[in-house]
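The values are calculated or read from the model by the stated rules, or taken from the named source; none is laboratory data. As the structure is a prediction and not an experimental result, all values here were calculated from the model. When we count neighbours, we look across all protein chains shown, and the Cβ atoms used for this are built from the backbone with ideal geometry, even at glycine.
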Amino acid sequence: MSSISIIGLGNMAGALADRALAGGHAVEIIGRDPAKAKELAAALGGATVGAADAAPVGDIVVLAVPYGSAAAVVSEYGDALRGKVIIDITNPVNADFTGFVAPEGSSGAQEIAKAAPAGAHVVKAFNTLYSNVLAAGPAEGRPLDVFIAGDDGQAKTRVSAFIESLGLRPMDTGQLPMARTLENAALLMLGLVAHSIKHTNFFLGVSISS
């Protein structure tokens, strides 16, 4: 099993940490508020707490922070992330959920990758799952699909193995520029919540006909 560092203290951080612990991984929780980090780790049971100013111990580092601070977090850690796989779960949407704050022709994941040191590999994943759906797990007997995108094949293999260990199904969509498409999918989901479905108890998945 892997060692996982999760940076962030929100609902997605908690849901991912819980599933990772259940999958047998060592989990480190990192947050700027030490008290909240300790509270989350205690609620989860089995997770350790890392200092925000210390290097993440995990081989896989999950960015479970708002997109607006993600690149800055990566820059602050700098060479401490060298050789690690960085999972970007963020969505760079604007305040009214009508578009993106990431530059045109790029994606949030690509902007985060620019801030990462040489030897670190960014993989987009989990951005099309709501935390309540992730926490609940398989729906009606079928695993949840986790779409991923990244430029490094070995990094994607490691992330895919991690996803499978959580009882989920990895779906490789291609190189890192495909992250923009995955972020558009998340925007689609936000539109569905606002205009038709009115709740977050759903997910996007692939049904493969025989």
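Structure notes:
- Taken as a whole, the structure places Val49 among residues that are more than 17 Å from Asp151 (Cβ to Cβ), β-branched (Val, Ile, Thr) and at pLDDT 95 or above.
- Wholly within segment 92-210, strands (runs of 3 or more DSSP E) carrying at least 2 residues that are more than 25 Å from Gly78 (Cβ to Cβ): 145-150, 169-172
- Residues of segment 193-210 satisfying the condition of being free of Cβ contacts under 8 Å to residues at least 24 places away in the same chain, among the aliphatic types (A, V, I, L, M) and over 19 Å from Asn11 (Cβ atoms): Ile208
- Residue list for segment 172-208, filter: within 17 Å of Gly137 (Cβ to Cβ) and either among the basic types (Lys, Arg) or surrounded by 13 or more Cβ atoms within 10 Å (Cβ to Cβ) (or both): Thr200, Phe202, Phe203, Leu204, Gly205
- Any hit, segment 90-100, residues being at pLDDT 95 or above, crowded, with 17+ Cβ neighbours inside 10 Å, closer than 30 Å to Gly191 by Cβ and over 16 Å from the mean Cα position of the chain (by Cα): yes
- Selection within segment 1-24 - assigned to a loop (DSSP other than H, G, I, E, B), within 22 Å of Val74 (Cβ to Cβ) and either out of contact with any Asp or Glu (no Cβ under 6 Å at 6 or more places or on another chain) or free of Cβ contacts under 8 Å to residues at least 12 places away in the same chain (or both): Gly8, Leu9, Gly10
- Some residue of segment 171-184 being without any contact (Cβ under 8 Å) to a residue 40 or more places away in the chain and within 15 Å of the chain's Cα centre (by Cα): yes
- When residues in segment 114-143 are screened for being over 14 Å from the mean Cα position of the chain (by Cα) and either among the hydroxyl-bearing types (Ser, Thr, Tyr) or under 17 Å from Val65 (Cβ atoms) (or both), 4 of them pass.
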